[in-house]
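As structure tokens, the structure follows; a few thoughts come after it.
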Amino acid sequence: MERLEVKNLNHSFGFTKILQNINFTLQKGEVLSIVGPSGGGKTTLLHLCADLMDVQEGSVTNSFVSSSFAFQEARLLPWKNVIDNISMGLLAAGYRRRDAIEESKKIALRFGLEERDFEKFPKDLSGGMKQRVSFARALVLKPSLLFLDEPFSALDIGLKKELQTILIDMISKKEISILFITHDLMEAIRLSDEILLLKADPGHIVKKFSYTLPQHERDDAFVYEQSAKILQDEEIIDTFELRMK
Amino acid sequence: MKFALKILKDFPAYLWSGWGAVASILLFIAFWDAGNQVYGDLVLPSPLETFKTLSVMLSDESVITEIKTTLYRASIGFGLSLVLGTSLGLLAGFFATASMMSRPIVTILVGMPPIAWIVLAMIWFGMGDETVIFTVIVASFPIVFVGALQGTRTLDGELKEMAKSFKFPWHMKFFDVYFPHIFSYVFPAWVSGLGMAWKIVIMAELLATSNGIGASLAVARSQLDTPTALAIVVIMIGSLMFIEYIILEPIKREVELWRD
Ligand SMILES: Nc1ncnc2c1ncn2[C@@H]1O[C@H](COP(=O)(O)OP(=O)(O)O)[C@@H](O)[C@H]1O
Ligand SMILES: [Mg+2]
């Protein structure tokens, strides 16, 4: 069975402890969210899981057959046009150029990009379009595990919904497992099977919430209701510093 | 290949956009002619006379030999600067210590006036090819070096990380991530290095050799042959403009389409 297992993970930058004793397991087909305030070490944790950074203490075991990463910023190659940017991951995975381009065009259309955008360079794209391209680049690989680092945070509501709908569709078909990082609680409630609450200084997990209702059956009412429930929790109020002063 | 074709395809449009430049050159020639009418033929020969002298000179075998000599020195000097400057600059850029250590050396190279180098080179190498070539290298190498160094130093760590996350093989890392960025720094440095080489070669020849167009300029000066001197200046500027606007600029445009 494919899974990602994090055990007793600690991490420091210099003398500053960023992550302390993190433990969790992500099973195939599951969506696991890590929610916490900005600067809490979420990106660091995700980079450790995705092997973009060396583990200092503890262990990360990833047995998923394939994975890809959508970053907080789009991180497109400025000298490549939309289609070439999307096809980068496919080319790196050894696809023939023609097939890679064809796949990329298909997914670009699915992600709401238009044919006339295909040849554009990133400098001519809006923030939302860049993020679509970045998303398409990660998903065109049909990864078994997807790492998402607040990919929606810079988007307007419409686009956010649109991309989330695509993800929910893939989740329902059990096509994908997601390790999802966000500071937006409602977003996490909409997408996750399990939410871990990360408290800062140093980042450690203080709470765990699970949801069994399938993602495609969750409506706004469900999200609001669950958010309200969670927001009554002392721990959450502390973590997000929501307490009235 | 696709690239070369695109450059050729866009070339007519580029030329067409050059009308403004042509107009300004014509305006410049008009002022020049006015200057001639004010100061007389000895001080400032008319454009017409200059271009006549030029065409006589260009049909003269010995002048062509001088031009070839100068071209040879400039290309050897610039070629070496290009190869050394680019490779050492890249190398220095990849190592933080090396780039720190190279900074004072670059400052010395850039800060030292070329004329001082010429004097030193005359002492070291005597009057000849080596002196000229050495001076050209010393003047244009640091420009290329700094360009390559900065290109490498400013590589985007986030893009490197992206490449790592998608497991780019080494050739993709190099050609798709590093190269376009570095090239966008190195290419303009080559262009300014070339301009520098062309200026310095004339100056070094004028002071340190008995052949090449720089030396011809010295002869024209000693004989107060102003039309020839001006014709030589036209050759220098004309060739530089040809290289810069007809060859390099169209390439630069295609290469940097992705830039803001
Ligand atoms: N490469 C690094 N070197 C030193 N400190 C870092 C580095 N990356 C992140 N940090 C610090 O670690 C903390 C957590 O950062 P990050 O993981 O990006 O948090 P989040 O994604 O939750 O906002 C921040 O205080 C940040 O300044
Ligand atoms: Mg972050």
If the limit is 27 Å between Cα atoms, which of A:LYS199/B:LYS160; A:LYS105/B:LYS160; A:LYS17/A:LYS161; A:LYS105/A:LYS160; A:LYS160/B:LYS6 go over it? A:LYS199/B:LYS160; A:LYS17/A:LYS161; A:LYS160/B:LYS6
Treating only Lys and Arg (+1) and Asp and Glu (-1) as charged, each at its beta carbon, one finds that the protein assembly as shown has a dipole about its Cα centre, in Debye to the nearest 20, of 680 debye
Considering the dipole of chain A built from charges on the beta carbon (Lys and Arg +1, Asp and Glu -1) around the Cα centre, which of A:ASN8, A:ALA228, A:SER66 is farthest to its positive end? A:SER66
Restricting to Cα pairs below 8 Å that are 6+ residues apart, what does the relative contact order work out to for chain A? Please round to a whole percent. 28 percent
For B:LYS68, list the lysines whose Cα falls under 24 Å from its own Cα; do not include residues on the same chain fewer than 8 positions away. B:LYS52, B:LYS199
Along the charge dipole of the range B:150-260, Cβ charges K/R +1 and D/E -1, which of B:VAL234, B:GLY214, B:VAL191 sits furthest on the positive end? B:VAL191
Gaussian network model of chain B, Cα within-10 Å springs - most flexible of B:PHE94, B:PHE125, B:PHE28: B:PHE28
Taking the Cβ of B:LYS252 as the center, what net charge do the other residues with Cβ under 11 Å away carry, scoring Lys and Arg +1 and Asp and Glu -1? -2
Considering only C-alpha atoms, what is the centroid distance from the range B:160-233 to the range A:31-64, in Å? 48 Å
Is any helix in chain B, taking whole DSSP H runs, at least 18 angstrom long along its axis by alpha carbon and on average at least -1.0 on the Kyte-Doolittle scale, and which ones? B:2-16, B:19-39, B:61-94, B:96-111, B:129-153, B:179-208, B:226-241
Angle between the Cα long axis of helix A:82-92 and the longest principal axis of chain A, 0 to 90 degrees, nearest 10? 80 degrees
Note to self, chain A gives a 222 nm [θ] from helices alone (DSSP H runs n ≥ 4, -39500 (n - 2.57) apiece, / all residues, nearest 500) of -10500 deg cm²/dmol
Find the centroid of the Cα atoms in the range A:1-21 and in the range B:33-50, then give the distance between the two in whole Å. 80 Å
If the only charges are +1 at each Lys and Arg Cβ and -1 at each Asp and Glu Cβ, what is the size of the charge dipole of the range B:147-206 around the Cα centre, to the nearest 20 debye? 140 debye
Length-normalised contact order for the range A:78-141 - Cα pairs under 8 Å, 6+ apart - percent: 52 percent
Go through the range A:142-221 and name the GluC sites (Glu not before Pro) that are in a DSSP coil and have 15 or fewer other Cβ atoms within 10 Å of their Cβ. A:GLU175
Using a Gaussian network for chain A with springs between C-alpha atoms less than 10 Å apart, which of these wobbles most: A:LEU155, A:LEU26, A:LEU213? A:LEU213
Low-density loop cleavage sites - chymotrypsin sites (Phe, Trp or Tyr not before Pro) in the range A:108-151, where at most 14 other Cβ are within 10 Å (DSSP): none
Kindly identify the range A:1-139 as rounded, prolate or oblate by the Cα gyration tensor criterion: order the square roots of the eigenvalues as a ≥ b ≥ c, call it rounded if a/c is under 1.5, otherwise compare a/b with b/c, prolate if a/b is larger, else oblate. prolate
For A:GLU57, B:GLU130, which order do you get if you count the other beta carbons within 10 Å of each Cβ and list the fewest first? A:GLU57, B:GLU130
Local charge sum around A:ASP51 (other residues, Cβ-Cβ under 13 Å, Lys/Arg +1, Asp/Glu -1)? 0
With the Cα gyration tensor of the protein assembly as shown giving a ≥ b ≥ c as the square roots of its eigenvalues, does the rule (a/c under 1.5 for rounded; else a/b larger than b/c for prolate; else oblate) give rounded, prolate or oblate? prolate
With Cα coordinates, the longest principal axis of chain A makes an angle with the long axis of helix A:220-231, in degrees rounded to 10, of 40 degrees
Among A:ASP193, A:ASP219, what is the fewest-to-most ranking by other Cβ atoms within 10 Å? A:ASP219, A:ASP193
Given charges of +1 on the Cβ of Lys and Arg and -1 on the Cβ of Asp and Glu, with all other atoms neutral, how large is the dipole of the range B:47-259 about its Cα centre, in debye to the nearest 20? 660 debye
Going by how many other Cβ atoms sit within 10 Å of their own, how do A:ASP124, A:ASP54, B:ASP225 line up, fewest first? A:ASP54, A:ASP124, B:ASP225
Take the alpha carbon gyration tensor of chain B, find the square roots of its eigenvalues, order them as a ≥ b ≥ c, and report rounded if a/c is under 1.5; if not, report prolate when a/b exceeds b/c, else oblate. oblate
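For the range B:135-200, what relative contact order do you get, as a whole percent, if you take Cα pairs closer than 8 Å and at least 6 residues apart?
Contact order relative to length: 62 percent.
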Scoring only Lys, Arg, Asp and Glu (+1, +1, -1, -1) among other residues with Cβ under 15 Å from the Cβ of B:ILE200 yields -1
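Readers should treat all values here as calculations from the given coordinates under stated rules, not as data from a laboratory. All values derive from a computational prediction rather than experimental measurement. A quick note on method: Cβ atoms are made from the backbone with ideal geometry, for glycine too, and the neighbour counts reach across all protein chains shown.
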